[in-house]
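Can you read through this structure? Questions will come right after.
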Amino acid sequence: MLLVLMFLFSAPGLYAAEKADMVRVVKSENRLYLLKEDEVIASYRVKFGANPKGHKEQQGDERTPEGSYFLTYKNSNSDFYRSIHISYPNALDQENARAEGVDPGGDIMIHGQANGWEWAGFFTQLVNWTDGCIALTNANMDEVWNAIDPGTPIEILP
């Protein structure tokens with residue numbers, strides 16, 4: 001039974017063998033897709049913030065933003081196993097937060113497991129646990145890391 005569960009939760013599907021020109025995240029599917037010329041070249045199971053439904057509106061709401069952004073830089077020296085920064089908040093997010101009188105937050109990343117918790121990769125893919133980031137297992141993070149370059153657009157859908 002444990003082997004079946006491990007297969008269901010760890011099998012990422014397709015693996016990227018080339019560079020992606022777009023990243024698409026579908027929150028309702030818990031999936032991150034790497035695309036090249038509008039074709040899916042890889043697919044990974046992901047987890048989100050502890051309050052995943054809806055668009056991120058402010059610091060501390062534990063939501064993952066929805067919309068169009070860019071992957072701006074890679075950090076191999078992160079508190080999590082590798083991280084790739086998402087350009088949230090964009091101008092519209094900042095304007096909406098200003099209108100509500102709140103801080104929109106920031107530091108939204110695609111990342112692997114928290115350093116020191118690598119052993120828990122299987123278990124952390126069972127629940128939403130981040131503060132709004134998009135989390136993968138470390139092995140899947142290695143593949144995403146190698147498949148994208150800074151400047152790649154990312155679309156995050158509900």
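The values are calculated or read from the model by the stated rules, or taken from the named source; none is laboratory data. Owing to the predicted nature of the structure, the values given are computational and were not obtained by experimental measurement. Note: ideal-geometry Cβ built from the backbone for every residue, glycine included; neighbour counts use all protein chains shown.
Exactly one condition in (1) under 22 Å from Lys27 (Cβ atoms); (2) modelled with pLDDT of 95 or more is false for Asn75; which is it?
Answer for Asn75: the failing condition is (1).
Kindly state which strands (runs of 3 or more DSSP E) lie completely within segment 35-121 and contain at least 1 residues that are of a type in the set (Ser, Thr, Tyr).
Ranges flagged: 39-45, 67-75, 83-86.
Go through segment 44-72 and give me each residue that's out of contact with any Asp or Glu (no Cβ under 9 Å at 6 or more places or on another chain), among the hydroxyl-bearing types (Ser, Thr, Tyr) and surrounded by 16 or more Cβ atoms within 10 Å (Cβ to Cβ).
If the condition is that a residue be out of contact with any Asp or Glu (no Cβ under 9 Å at 6 or more places or on another chain), among the hydroxyl-bearing types (Ser, Thr, Tyr) and surrounded by 16 or more Cβ atoms within 10 Å (Cβ to Cβ), then Thr64 is the only one that fits.
May I pose another question? So which residues in segment 122-158 are assigned to a helix (DSSP H, G or I) and either in contact with a Gly (Cβ under 6 Å, 6 or more places away or on another chain) or not hydroxyl-bearing (Ser, Thr, Tyr) (or both), if there are any at all?
Initially, segment 122-158 is screened for residues assigned to a helix (DSSP H, G or I), giving 122-124, 138-147.
Once the filter is applied, which keeps residues that are assigned to a helix (DSSP H, G or I) and either in contact with a Gly (Cβ under 6 Å, 6 or more places away or on another chain) or not hydroxyl-bearing (Ser, Thr, Tyr) (or both), segment 122-158 yields Phe122, Phe123, Asn138, Ala139, Asn140, Met141, Asp142, Glu143, Val144, Trp145, Asn146, Ala147.
Confirm whether Val25 is under 26 Å from Ala139 (Cβ atoms), in contact (Cβ under 8 Å) with a residue 60 or more places away in the chain and either in a helix (DSSP H, G or I) or aliphatic (A, V, I, L, M) (or both).
Numbers: under 26 Å from Ala139 (Cβ atoms): yes; in contact (Cβ under 8 Å) with a residue 60 or more places away in the chain: yes; either in a helix (DSSP H, G or I) or aliphatic (A, V, I, L, M) (or both): yes.
So Val25 fits the description; yes.
Please state which one of Leu136, Leu126 is in contact with a helix residue (DSSP H, G or I) (Cβ under 9 Å, 6 or more places away or on another chain) and buried (at least 21 other Cβ atoms within 10 Å of the Cβ). Give the derivation first.
On the way: Leu126 fails: buried (at least 21 other Cβ atoms within 10 Å of the Cβ).
None of the others qualify; the one that does is Leu136.
Going residue by residue through segment 91-101, is there one that turns out to be closer than 22 Å to Arg31 by Cβ, modelled with pLDDT of 95 or more and buried (at least 18 other Cβ atoms within 10 Å of the Cβ)? Working first, answer last.
Restricting attention to segment 91-101, the residues satisfying the condition of being closer than 22 Å to Arg31 by Cβ are none.
So far as segment 91-101 goes, no, none of its residues is closer than 22 Å to Arg31 by Cβ, modelled with pLDDT of 95 or more and buried (at least 18 other Cβ atoms within 10 Å of the Cβ).
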